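Engineer: My questions all concern the structure below.
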Amino acid sequence: MNKTKVLVIGACGQIGVELTEALRQKYGRYQVIAADIREKNKAGDHYLYVKLDVTDKSKLLMLCREERITQIYLLAAMLSASGERDPALAWQLNMDGLLNVLDVAEKCEMDKVFWPSSIAVFGLDAPAQHTPQANASIPSTVYGISKASGEYWCHYYFEKYGLDVRSLRFPGLISYKSPPGGGTTDYAVDIFHKALADGRYLCFLKPGTMLPMMYMPDAIRAVLELMDAPAEKLRVRTSYNLSAMSFTPEVLGAEIGKHIGDFKLDYLPDFRQQIADTWPDSIDDYDARVDWAWQSRFGLKEMVRDMLENLTRMTSLSKA
Ligand code: VAH
């Protein structure tokens, strides 16, 4: 059996930065190649990094053969808000990228593939509370359509070729190691940066907008635990619902206010409100808990405290 050699595509993104670190801790620094469209990796990563456009299938195949890659983690994607500004590019990147990875992984007889889906696969026709796993729904964004389509392609490659591709429907992810990105849920990242810098935040979603969220340490652990689970335990080969917490902007703001006394939260909803309005308030992750013993660890209080502690520490280090 070949020694595990991992390729993380989209390694400079919000999930990619932290998943690359975790995979290097698990498999060894030189067993994990970080790849992204950027010329070079973020400062500090002196280890294996390659510039890669995941829509360039021939380069992807050549890299995987040369490096004898045994697992691919595909994180490169255009998120919901950015995707609505350029639907054709979002579809091309999200779908061609996945189809290239699935086909190359099958050709190279790889052990496993991970690909993140999202609660964005659910639309207004899905139950808003505790949205169940098996719920064919009509996504409202190109991002959601690409994720719903991608889930069926993952299922197809598993059924037709036996490719062990695994997937999670992530809620909004919150982390301090990357700046807010092009997602609708990224208000919940930006709010921390603005609260510490300015003591106030102008939120692009209105009060009462309840969304499923998860702290990045939980998300990274979920990926590792899913990928380590015995294949025979996994009954879901589209993508597993995953849940941790749900909150509204005002609830998040009040929790931040317990640490930053004079924090002021105002609202100026924009086009991202229409996206958020189509997504569930909460997710039922029963199947993940039964099949591979998923259990979140971070709730709102623990996440807010950890975010503020780390962002404060990083700010003071950058000023030193
Ligand atoms: C987005 N952060 O906002 C992503 C996520 C559930 C949303 O997939 O587009």
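The values are calculated or read from the model by the stated rules, or taken from the named source; none is laboratory data. Everything numeric in this text was worked out from a predicted model, so none of it was measured. Neighbour counts run over all protein chains shown; Cβ positions are idealised from the backbone, glycine included. Calculation scope for accessible area: heavy atoms of the full protein, side chains included, ligands and nucleic acids excluded. Shrake-Rupley method; radii C 1.70, N 1.55, O 1.52, S 1.80 Å.
Engineer: Run the numbers for ARG68 and ASP228: contour at 0.36 nm per residue of separation, minus the present Cα-Cα distance, in nm.
Structural biologist: Computed gain between ARG68 and ASP228 is 55.6 nm.
Engineer: If you don't mind, another one. As an exercise, take the mean of 1/r over every pair of distinct alpha carbons in region 262-301, invert it, and state the Kirkwood radius in angstroms.
Structural biologist: Here the Kirkwood hydrodynamic radius works out to 13.9 Å.
Engineer: Could you tell me which of PHE158, MET62, LEU205 has its Cα farthest along the dipole of the chain towards the positive end, charges placed at Cβ (Lys, Arg +1; Asp, Glu -1), taken about the Cα centre?
Structural biologist: The one lying farthest along the dipole's positive direction is MET62.
Engineer: Ignoring ligands, DNA and RNA, what percent of the accessible area of the chain is carbon or sulfur (1.4 Å)?
Structural biologist: Of all accessible area on the chain, carbon and sulfur atoms account for 53 percent.
Engineer: Okay, moving on. What does the helix-only formula give at 222 nm for the chain: each DSSP H stretch with n ≥ 4 adding -39500 (n - 2.57), the total divided by the residues, and the result rounded to the nearest 500 deg cm²/dmol?
Structural biologist: -12500 deg cm²/dmol
Engineer: Can you put ARG313, ARG169, ARG297 in order of accessible area, largest first, using a 1.4 Å probe?
Structural biologist: ARG297, ARG313, ARG169
Engineer: Under 13 Å from a label point 7 Å along Cα→Cβ of LYS206: give me every residue in region 276-299 with its amide N that close.
Structural biologist: Within reach of a label on LYS206: 276-278.
Engineer: Report, please, the projected area of region 217-320 averaged over directions, based on the convex hull of its C-alpha atoms, in nm².
Structural biologist: 9.4 nm²
Engineer: Would you mind checking LYS57/LYS233; LYS147/LYS264; LYS147/LYS258; LYS26/LYS59; LYS51/LYS112 for any pair whose Cα atoms are more than 30 angstrom apart?
Structural biologist: Over 30 Å Cα-Cα: LYS57/LYS233; LYS147/LYS264; LYS147/LYS258.
Engineer: Which residues' amide hydrogens lie under 5 Å from the amide hydrogen of THR238, considering only partners 5 or more residues apart or on another chain, with H built in the peptide plane?
Structural biologist: none
Engineer: For the chain, report the accessible area per residue in Å² (1.4 Å probe, heavy atoms, rounded to an integer).
Structural biologist: Numbers: 14000 Å² over 320 residues.
Per-residue value: 44 Å².
Engineer: Taking the Cα centre of the chain as the origin, how large is its charge dipole in debye, to the nearest 20, when only Lys and Arg (+1) and Asp and Glu (-1) carry charge on their Cβ atoms?
Structural biologist: The dipole magnitude comes to about 840 debye.
Engineer: Let's test the formula: R0 of 22 Å, r as the Cβ-Cβ distance of TYR152 and THR4. What FRET efficiency results, to the nearest 0.05?
Structural biologist: FRET efficiency, TYR152 to THR4: 0.20.
Engineer: What residues qualify as long-range amide H neighbours of ALA244, i.e. H under 5 Å apart, gap of 5 or more or another chain, H built at 1.01 Å from N?
Structural biologist: MET213
Engineer: Kirkwood hydrodynamic radius, computed over distinct alpha-carbon pairs, for region 27-114: how many Å, to one decimal?
Structural biologist: Kirkwood hydrodynamic radius for region 27-114: 13.9 Å.
Engineer: So if I average 1/r over every pair of distinct C-alpha atoms in the chain and take the inverse, what Kirkwood radius in Å does that give?
Structural biologist: It works out to 20.0 Å.
Engineer: Right, next: Report the Cα centroid-to-centroid distance between region 1-29 and region 88-136 in angstrom, as an integer.
Structural biologist: If you average the Cα positions of each part, the centres end up 19 Å apart.
Engineer: Could you derive backbone 3J(HN,Hα) for region 292-309 from the dihedral phi with the Karplus parameters 6.51, -1.76 and 1.60 (θ = phi - 60°), listing whole Hz in sequence and x where the residue is Gly or Pro?
Structural biologist: Those phi angles translate into 9, 6, 5, 7, 6, 10, 9, x, 4, 4, 5, 5, 4, 4, 5, 4, 5, 4 Hz.
Engineer: Can you give the longest stretch of the chain with no exposed loop site, where a site means chymotrypsin sites (Phe, Trp or Tyr not before Pro) in a DSSP loop (not H, G, I, E or B) with at most 15 other C-beta atoms within 10 Å?
Structural biologist: Formally, the longest exposed-site-free interval is 48-270.
Engineer: Turning to a different aspect of this structure: State the answer as a single residue: which of GLN25, MET227, TYR176 lies farthest towards the positive end of the charge dipole of the chain, with beta carbon charges of +1 for Lys and Arg and -1 for Asp and Glu, about the Cα centre.
Structural biologist: My answer, from the dipole projection, is GLN25.
Engineer: Work out from phi, with θ = phi - 60° and the Karplus expression 6.51 cos²θ - 1.76 cosθ + 1.60, the ³J(HN,Hα) of each residue of region 87-94, listed in order in whole Hz, and give x for Gly and Pro.
Structural biologist: Result, rounded to whole Hz: x, 5, 5, 4, 4, 5, 5, 5.
Engineer: Another question about this same structure. Under 5 Å between amide H atoms, partner at least 5 residues away or on a different chain: which partners does PHE114 have, H built in plane at 1.01 Å?
Structural biologist: Distant-sequence amide H within range of PHE114: ILE72, TYR73, LEU74, ARG166.
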